[in-house]
Amino acid sequence: MATLISPQLAVNGGTPVRQRPWPAWPVWDEADARAVADVVRSGQWFAMSGRGVNAFADRFAAFHHARFGAPCTNGTQAIEIALRAVGVKAGDEVIVPPYTFIATASACVEVNADPVFADIDPDTYNLDPRAAEAAITDRTTAIIAVHIAGCPADMDAFKELARRRGLALIEDAAQAHAAEWRGRRVGALGDAGTFSFQASKNLNAGEGGIVLTDRPEVYDRAWSLINVGRVRDGGRYEHALLSGNYRMTEWQGALLLSQMRRLEEQTQRRNENALYLARQLEEIPGIRPLQRDERITCHAYHLFIFRYSAAEFGGLPRQEFLRALSAEGVPCSPGYTPLYRSDAFRPDRATHPFAGERDYAAAHCPVAERVCAEEAVWLTQPMLLGTRADMDDIAAAIRKIRAAM
Ligand SMILES: Cc1ncc(COP(=O)(O)O)c(C=O)c1O
């Protein structure tokens, strides 16, 4: 097994390529603080009668070219609400990728549906439409296409597949604020789309979520599910459904509305830096950035992911490469493990009514397994808010490690 022995490398006590800090996250100013303080001063602290959440919902939906937006507590519950709003019922199967945050699959379980894992595309790490189609059974009622890392999934293929097989199509856009597929922003390209405003996300208020849709009946149902089953435009004690309270708070709405001032400019900066970085990394043997489909007119770059080949680095395992790159001052990580390998999916841990019916550990998605075990390297979105010189540092650190092999 290859090891790193050069004394020049920071991991062995050499001088790191980079010693300056990376851009801080979150980005905020006095106007953000005032937006929250204004809610306090207004005394309008309840979202159903306040202005923050409603104004944010309209603004965020319009920005994403969606007719309706139903804001809620977080991105996980947004998926649960979307599933219920499009009609997924207990016992239904929902096709999901194994390469995503656990919420994509656990949300299915929370609504008593059964997540079925289909493999990812090796060039984009997004759910592979052919694998998704092969996983359809007579119990399947929905597909969740996750825009992983902020990279839109192949929505032409998923829309065609969903239409042909009579399935609901949900976008998990938790990482994809402002991303575009053929000039249209993600979120309402299928039947419903969900976003997260958790602290690490490209638009955040610490926590928060939203369901977007173009379909009035899906919106009415999502709104109702978020609001203890109330009827939209109905009475305060008029309930048409049994559901919980998943409302976003006024503080979150006001802060998100204020934070939206930066979304477009930050997204553009991430795109410029990411494309510049990708061009540099493509020239380093053994490093391949993920492919960007030419139908993607804007990528959210919540993560910048590249593929590492140990064979091209003298057999250096990815874990050692990550250790060396971090030591050079470039924070990086290996990312996810395939969800079906998580302890949470062990049959003895299952809490849903179909426990024991499916052995999740028997799932086998070879691409996701290889990617997770040896290939993926993640950089996070705040790093892309810096300058070209910052991107040069990333490439220089990788070149330095390679030259030391
Ligand atoms: C792909 C994906 N789906 C869902 C979620 C869940 O969002 P939240 O953390 O707001 O519940 C996240 C974020 O954590 C995510 O990355």
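The values are calculated or read from the model by the stated rules, or taken from the named source; none is laboratory data. These numbers come from a predicted model, not from an experiment. Counting neighbours? That spans all protein chains shown, and the Cβs are built from the backbone with ideal geometry, glycine included. Just the protein is used for accessible areas: all its heavy atoms, side chains included, with ligands, DNA and RNA removed. Shrake-Rupley method; radii C 1.70, N 1.55, O 1.52, S 1.80 Å.
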| Tally of residues being buried (at least 23 other Cβ atoms within 10 Å of the Cβ) and modelled with pLDDT under 95 across the stretch 51-73 | 1
| query | Which residue, of Asp138, Asp156, is touching a residue at least 24 places away in the same chain (Cβ under 8 Å) and not in a strand (DSSP E or B)? | reply | Asp156
| request: Give the residues of the stretch 76-87 that are touching a Phe, Trp or Tyr at 6+ places or on another chain (Cβ under 7 Å) and either open to solvent by 10 Å² or more (accessible area, probe 1.4 Å) or modelled with pLDDT under 95 (or both), sorted by residue number. | output: Gln77
| note | Taking the stretch 180-203 and keeping residues surrounded by 20 or more Cβ atoms within 10 Å (Cβ to Cβ), more than 8 Å from the ligand (Cβ to nearest atom) and in a loop (DSSP other than H, G, I, E, B) leaves Val186, Gly187, Ala188, Leu189, Gly190, Asp191, Asn202, Leu203
| Residue ID - farthest from Gln8 (Cα to Cα), chosen from residues in the stretch 324-355 that are crowded, with 18+ Cβ neighbours inside 10 Å, more than 20 Å from the chain's Cα centre (by Cα) and at pLDDT 95 or above | Val330
| When residues of the stretch 88-114 are filtered for being surrounded by fewer than 24 Cβ atoms within 10 Å (Cβ to Cβ), within 18 Å of Asp359 (Cβ to Cβ), within 16 Å of the ligand (Cβ to nearest atom) and not β-branched (Val, Ile, Thr), how many remain? | 1
| query | Going by the conditions given, is Ala389 surrounded by fewer than 21 Cβ atoms within 10 Å (Cβ to Cβ), in a helix (DSSP H, G or I) and free of Cβ contacts under 8 Å to residues at least 40 places away in the same chain? | reply | yes
| field | Single match in Arg262, Arg236, Arg215 (criterion: away from the ligand (no atom under 16 Å from the Cβ), within 20 Å of the chain's Cα centre (by Cα) and of a type outside the set (A, V, I, L, M)) | value | Arg262
